[in-house]
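Visitor: One structure, pasted below without further comment.
The values are calculated or read from the model by the stated rules, or taken from the named source; none is laboratory data. As the structure is a computational prediction, the values presented were derived from the model and not from experiment. Here the Cβ positions follow ideal geometry from the backbone for every residue, glycine too, while neighbour counts run over all protein chains shown. The accessibility values were calculated without ligands, DNA or RNA, using every heavy atom of the protein model including side chains. Shrake-Rupley method; radii C 1.70, N 1.55, O 1.52, S 1.80 Å.
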Amino acid sequence: MAPIAVGDVLPDGTLSCFDAEDKLQQVSVHSLAAGKKVIIFGVPGAFTPTCSLKHVPGYIEKAAELKSKGVDEIICISVNDPFVMKAWAKTYPENKDVKFLADGSANYTHALGLELDLSEKGLGTRSRRFALLVEDLKVKAANVESGGEFTVSSADDILKAL
């Protein structure tokens, strides 16, 4: 399957997270994105160095600026279970705007065509690093990284597309 691209309609899918009452929830991507301007960024794994030290902090630090440009939701997706994503989110106590959603079996990542086989490194199927700008389910920017790079999917890169 070809990776999601500018002009494509964002596929629906189900991701999971814990709500404010610490209850496990299944969330439809379309319920979060329909009629809104959203950023969905994907990372290869929670607690990994580039994801934890650069990618996620950039979106947390730039959240107010992104929201001032009309962004309604900022969503981080990783092929991890919701317990890991909850624990990872707690390492960012200053975060008020980035939602951490789990794609435990990589089903949604596959629907986006952004899976990455890291079996040789003992990590199984993961997500490529990416950032999507989506308006009312239509992809306006699709910044997908090559290999282990971090050159096109940062919050600053998405700000340029707004």
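Visitor: Just need the relative contact order of segment 8-161 here, percent rounded to a whole number, with Cα pairs under 8 Å and 6+ apart.
Guide: Relative contact order here is 29 percent.
Visitor: Short version: ³J(HN,Hα) in whole Hz for each residue of segment 9-26, in order, from phi by Karplus 6.51 cos²θ - 1.76 cosθ + 1.60 (θ = phi - 60°), x for Gly and Pro, what are they?
Guide: 3J(HN,Hα) across segment 9-26, in whole Hz: 8, 5, x, 7, x, 10, 10, 10, 6, 9, 7, 4, 8, 6, 9, 5, 10, 9.
Visitor: Follow-up question, since we're still on this one. Measure off 7 Å from each Cα along the Cα-to-Cβ vector at Leu159 and Lys54, then give the distance between these two points in nanometres to one decimal.
Guide: Placing both labels 7 Å beyond Cα along the Cβ direction yields 1.7 nm.
Visitor: Another question, if that's okay. Give the accessible area for Val6 in Å² (nearest 10); use a 1.4 Å probe, count only protein heavy atoms, and leave out ligands, DNA and RNA.
Guide: 100 Å²
Visitor: Here is a follow-up. Would you look at the GNM of the chain, springs on alpha carbons closer than 10 Å, and say which of Ala20, Ala63, Ala89 moves the most?
Guide: Ala20
Visitor: At a 1.4 Å probe radius, carbon and sulfur cover how many percent of the accessible area of segment 113-162?
Guide: With neighbouring chains kept in place, the figure for segment 113-162 is 43 percent.
Visitor: Can you tell me which of 73-84, 130-141 comes out highest on packing, and rank the rest after it, using the mean Cβ neighbours within 10 Å?
Guide: So the order, starting with the most tightly packed, is 73-84, 130-141.
Visitor: Kindly work out what percent of the DSSP beta bridges joining two residues of the chain are antiparallel, to the nearest 5.
Guide: 65 percent
Visitor: On to the next question. Radius of gyration and Dmax for segment 8-161's Cα atoms, expressed in Å?
Guide: Looking at segment 8-161, its Cα Rg and Dmax stand at 14.1, 42 Å.
Visitor: Moving on to the next point. 5 Å is the cut-off here: which amide hydrogens, built 1.01 Å from N in the peptide plane, fall below it relative to Leu137, excluding neighbours closer than 5 in sequence?
Guide: Long-range HN contacts for Leu137: Gly35, Lys36.
Visitor: Mind jotting down the three principal axis lengths of segment 89-150 based on Cα atoms? Whole angstrom, largest first.
Guide: 36, 31, 23
Visitor: Keeping all protein chains in place and using 1.4 angstrom, which order do Ser28, Ser16 fall into by accessible surface area, from largest down?
Guide: From most exposed to least exposed: Ser28, Ser16.
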